[in-house]
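Below you'll find the structure I mean.
The numbers here are math on the coordinates, done by the rules we state, and not lab data. These numbers come from a predicted model, not from an experiment. Using ideal geometry, Cβ is built from the backbone for each residue, glycine included, and neighbour counts are taken over all protein chains shown.
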Amino acid sequence: SRITRPSQNKIPIEHGIVSDWDDMERIWKYIYEEELKTASDKAAQMFFETFNVPALFASIQAVLSLYSSRRTTVDIAGRDVTEYLQLLLRISGYKFTTTAEKEVIRIIKEKTCYIALFPIKEEKDTNGKYDDFTLPDGNVDKLGSERFKAPEILFNPELIGLEYAGIHQVVFDSINRTDLDLRKILFANVVLSGGSTLYKDFGTRLLSEIRKLAVKDIKIKIFAPPERKYSTWIGGSILAALSTFKKMWVSAEEFQEDRDIIHRKSF
């Protein structure tokens, strides 16, 4: 089965915000009817009125990842990495504009990108060196420093003009905002989740960067579950299986009485 005529040159959701509800409904319809076989107020309305679900609960991906590992986590999306890789490849003379071509960029990212342990040294060592990557159409692209420069924005968001802290700083700051007696436990239980943590040497670089920020005698441990690409789904299934989950979902009756409840009981 195929999704019925979605827009050809765009994705209906950007950074968790739905930009095209018609295409989003088509995708949900396909997933719900074809794949599963069995959320803002607009999303909730679609699920209750179009798909007649008896109850609904929406959550942030990072929170669901927490349920899968039973620890605290920080989750960073990979869309920015893909877009930055596209820019770097364009600078190198490669053009990817259509949705299908952008999917090729995602494949290149997942198969070739890695985290540099020492970015400045890595750039010097790889200067003028390229690896061949065979595209799905048989053409060969020569990839150089783009492979580590693209995911480097996870640690240095300023590379793409964002005044945000890197993932290592976010982890460090988050732990230091907790009670003093909890910090030692949290530093020893940092869990990676999501596809963006699958880059080679991501965990090693994260550990190195956090160690630079933390006091010398603190024990820091990074957990990298092999199934972390699917942590959100696993965590969601664990959450849904809990006996207390009934108190968290929104029933169709509750939604009809008060649509704002979707914001109070979800996310």
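Based on alpha-carbon centroids, what's the gap between the range 158-189 and the range 220-267 in Å, whole number please?
The range 158-189 and the range 220-267 have Cα centres spaced 24 Å from each other.
Please list, or write none, the aspartates and glutamates whose alpha carbon is within less than 15 Å of the alpha carbon of LYS124, excluding same-chain residues fewer than 8 places away.
Result set, ordered by chain and number: GLU146.
Straight-line reach from LYS219: which lysines have a Cα under 19 Å away, not including same-chain ones fewer than 8 places off?
Correct list for LYS219: LYS184.
Taking the range 102-200, which trypsin sites (Lys or Arg not before Pro) meet the DSSP loop condition and have no more than 11 other C-beta atoms within 10 Å?
Of the trypsin sites (Lys or Arg not before Pro), the ones in loops of the range 102-200 whose Cβ has at most 11 other Cβ atoms within 10 Å are LYS129, ARG177.
Taking a threshold of 21 Å on the Cα-Cα distance, which of the pairs LYS29/LYS111; LYS200/LYS229; LYS102/LYS142; LYS111/LYS200; LYS109/LYS129; LYS121/LYS149 fall above it?
Distance filter (> 21 Å) returns LYS29/LYS111.
A further question on this structure: Can you list the HN-Hα couplings for the range 244-249, worked out from phi with the Karplus curve (6.51, -1.76, 1.60; θ = phi - 60°), rounded to whole Hz and with x for Gly and Pro?
8, 5, 4, 6, 9, 7
Now a separate question. Skipping prolines and chain starts, which residues have an amide H placed within reach, meaning under 5 Å, of the one on PHE223, given they are 5 or more residues away or on another chain?
For PHE223, whose amide H was placed from the backbone, the distant partners under 5 Å are VAL190, VAL191, LEU192.
Still on this structure: Can you compute 3J(HN,Hα) from phi for each residue in the range 161-174, using the Karplus curve 6.51 cos²θ - 1.76 cosθ + 1.60 with θ = phi - 60°, rounded to whole Hz and x for Gly and Pro?
My calculation for the range 161-174 gives x, 9, 8, 10, 6, x, 4, 5, 5, 4, 4, 4, 5, 4 Hz in order.
Taking all pairs of distinct Cα atoms, average 1/r, flip it, and tell me the Kirkwood hydrodynamic radius of the range 79-223 in Å to one decimal place.
16.7
Right, here's the next one. Can you run phi through the Karplus equation (6.51, -1.76, 1.60; θ = phi - 60°) for the range 137-148 and list ³J(HN,Hα) in whole Hz, with x for Gly and Pro?
With the stated coefficients, the range 137-148 comes to 8, x, 5, 10, 9, 9, 10, x, 5, 4, 5, 10 Hz.
Kirkwood Rh, Cα Rg: Rg to Rh for the range 78-130?
1.00
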